[in-house]
Every structure is written in C-alpha cells, then in structure tokens.
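To keep things clear, I will list the structure first and then write my remarks on it.
The values are calculated or read from the model by the stated rules, or taken from the named source; none is laboratory data. Everything numeric here is computed off the predicted structure, so don't read it as measured data. A quick note on method: Cβ atoms are made from the backbone with ideal geometry, for glycine too, and the neighbour counts reach across all protein chains shown.
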C-alpha cells in the first residue's frame, strides 16, 4: 500500500489530496476516511489503497500512520467564540500583570483558576 502525507483536506467540501512518498498526487474523498473521522490535518502521514477514478488516482480506505487525531480539536470552540475567550483572557492577564508589578501574586485560588484557564486555552489553540 502506498504511503504519503495529506496535502490538504477540506471537511466542508468533503475531499482533499494526499501526496505519495513518490510525489504523486492522490484525490482523498470523505468516503476513504476511517470510520467516525471527518477532518484531516495537513502533513498527517497516511497509508491508503489507490484506485483509478474518473479524474485520476483516488485513495481508498485511508489509515493514519501518525498519532490519532486530537479529541480536543473536535470539541474546541468555534473560532469566533475562541476570539471572545482570548480577549477576556487578555483582560484577566493584564489585571494579574498589574498586581505583579505592585509586588503581589494572585491569591492561591485565583492563581489556580487562571492556570487552568491558560492550560485549556493553550490546548484549544494547539489542537
């Protein structure tokens, strides 16, 4: 079975392209994705069968060779919602920064909450 990398995949359109290790471009329809998967990241290593389609080579039964897709990515907020969260986070960080300039760390409970929020936002952005 050929191996390669996902060149791009558009989940809204339901297709994308992979490039084999030999440099050939292969059409990747949504029907070739593993069960329950709706999105692929560019650069993901994959293995797939190939069939000659109406418009050239087409991938069949794609199998991921990289780590499994991020669960966080499938559950993270929409970009417009994320923008609001980041703006609110900037305000909180600015207040914390002002306190630190005055020589005061946040209270332990407040610091713990802020750290949890930062980790969650970082996970959502990185996914």
Practice task
State whether one or more residues within segment 31-47 are modelled with pLDDT of 90 or more and either at positive phi or touching a helix residue (DSSP H, G or I) at 6+ places or on another chain (Cβ under 9 Å) (or both).
Solution key: no
Problem - Selection count where residues are farther than 15 Å from residue 17 by Cβ, free of Cβ contacts under 8 Å to residues at least 40 places away in the same chain and not in a strand (DSSP E or B), scope segment 40-67 - result: 3
Exercise for the section: Residue by residue through segment 80-127, note down the ones that are assigned to a loop (DSSP other than H, G, I, E, B) and surrounded by 13 or more Cβ atoms within 10 Å (Cβ to Cβ). Expected result: 106, 127
Exercise for the section: Examine segment 13-34 for a residue that is under 22 Å from residue 124 (Cβ atoms), surrounded by 10 or more Cβ atoms within 10 Å (Cβ to Cβ) and not assigned by TED's automatic domain parsing to the domain that holds residue 119, and state whether such a residue exists. Expected result: no
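Here's a check for you: in segment 1-18, which residue that is closer than 13 Å to residue 47 by Cβ and in a strand (DSSP E or B) is nearest to the chain's Cα centre (by Cα)? Show your work before the answer.
Just the residues of segment 1-18 that are closer than 13 Å to residue 47 by Cβ, to begin with: 1-6, 18.
Now drop any that are not in a strand (DSSP E or B), which leaves 3-6, 18.
Numbers: 3: 21, 4: 19, 5: 15, 6: 13, 18: 17 Å.
Within segment 1-18, the match that is nearest to the chain's Cα centre (by Cα) is 6.
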Exercise for the section: Enumerate the pairs (first residue in segment 99-120 and without any contact (Cβ under 8 Å) to a residue 12 or more places away in the chain; second residue anywhere and part of a loop (DSSP other than H, G, I, E, B)) with beta-carbon separation below 8 Å, excluding pairs fewer than 6 apart on the same chain, so at least 6 apart or on different chains. Expected result: 99/105; 99/106; 111/105
